[in-house]
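A.B. asks: Right, I'll just put the structure down here and ask away after.
The values are calculated or read from the model by the stated rules, or taken from the named source; none is laboratory data. From a predicted model like this one, the values you see are computed outputs, not experimental measurements. Positions of Cβ are generated from backbone atoms using ideal geometry, with glycine treated the same way; all protein chains shown enter the neighbour counts. These area figures cover heavy atoms from the full protein model, side chains too; ligands, DNA and RNA do not enter into them. Shrake-Rupley method; radii C 1.70, N 1.55, O 1.52, S 1.80 Å.
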Amino acid sequence: MDLDEAVGELYGAGLGDFVAVRTRLAKEAGGDLGREIKALRKPTVTAWLLNLLARRSPELLAEVGELGERMRSAQGEGDAAALRDARPERDALVRRVVAATREVAKGEDRQLSPAGEDEVAATVVAALADETSQAALASGMLVRALRYSGFGEVDLDDAVAARARLRVLPGGAAGAGRGEGDETTDEEQTQEPAEPPEAAELRETELRLQTVEAEVDLATSQLAEAEEALARAREAVAQARERLRTQSTQRERLTNEATRLRRACARAARRQ
């Protein structure tokens, strides 16, 4: 057993079993490897659900990788039209990942909270904007959710288990992350000419805008769902009140009928 195998088993286990599985793996490994395994941190609920999603729906995260690659390419080329055209696809994909993560939670007898949905959406936005974050999401080794601030790379410190060994799970986005020892092509070694500071600032601003827009879209969708739930609840209350009025009327009628019958019985008893 090596660290990759241990991480794969540990971060695919149930959240409640994490400590027990980690202890077992560390004991089996022993030595330096055992100490490395023992130091692996327990993921947050959102990160754990995303790790399960990476294992169960790698094709969905592959779509995140493919769209992210297209968007980053368009961003690098300054193709505003392509970025604008990709926005509906991006928003739909973010909602699909949130919905899929919600289903994973249900399968584990858990509920993805609104805050958790926000974390899932923020992680997807980060994966679309940043190649390394894309690989982190697809690896199934997240310790916490990711967030893209709109400037520079995503902060991955303490976000991924065994980051030096970052791997994309089978079926994940091709090329989302390189393993150790991968060769670099001559084309990749060729340095591109430096771009003007203004162009870099514009690109970062546009990416930040995309992040905010995605978060606003998700919040708007959640608000619409909440309003629908509130409308259903109000309708249920109205129906309950109507039933209560009907039952109260029936109770009053039956009470009056019972009173009438008692009086009739009393009169009949006096005549006897």
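A.B. asks: Scan S133, S73, S113 and give me the residue that is among the small types (G, A, S), in contact with a helix residue (DSSP H, G or I) (Cβ under 6 Å, 6 or more places away or on another chain) and free of Cβ contacts under 8 Å to residues at least 60 places away in the same chain. Can you show your working first?
C.D. replies: Values: S73 fails: in contact with a helix residue (DSSP H, G or I) (Cβ under 6 Å, 6 or more places away or on another chain); S113 fails: in contact with a helix residue (DSSP H, G or I) (Cβ under 6 Å, 6 or more places away or on another chain).
Exactly one of S133, S73, S113 is among the small types (G, A, S), in contact with a helix residue (DSSP H, G or I) (Cβ under 6 Å, 6 or more places away or on another chain) and free of Cβ contacts under 8 Å to residues at least 60 places away in the same chain, namely S133.
A.B. asks: So which residues in segment 4-48 are under 25 Å from V98 (Cβ atoms), in contact with a Leu (Cβ under 9 Å, 6 or more places away or on another chain) and not in a helix (DSSP H, G or I), if there are any at all?
C.D. replies: Within segment 4-48, Y11, G12, K42, P43, T44 meet the criteria.
A.B. asks: Does any residue of segment 68-90 turn out to be under 15 Å from V160 (Cα atoms) and of a type in the set (D, E, K, R)?
C.D. replies: Of segment 68-90, the ones under 15 Å from V160 (Cα atoms) are none.
No, segment 68-90 contains no residue that is under 15 Å from V160 (Cα atoms) and of a type in the set (D, E, K, R).
A.B. asks: When you look at R95, is it part of a loop (DSSP other than H, G, I, E, B) and surrounded by 15 or more Cβ atoms within 10 Å (Cβ to Cβ), yes or no?
C.D. replies: Working: part of a loop (DSSP other than H, G, I, E, B): no; surrounded by 15 or more Cβ atoms within 10 Å (Cβ to Cβ): yes.
Against the criterion (part of a loop (DSSP other than H, G, I, E, B) and surrounded by 15 or more Cβ atoms within 10 Å (Cβ to Cβ)), R95 does not qualify.
A.B. asks: Something else now. Read through the list (1) within 25 Å of R147 (Cα to Cα); (2) open to solvent by 10 Å² or more (accessible area, probe 1.4 Å), then give the number of the only condition that G68 fails.
C.D. replies: Against the list (1) within 25 Å of R147 (Cα to Cα); (2) open to solvent by 10 Å² or more (accessible area, probe 1.4 Å), G68 comes up short only on (2).
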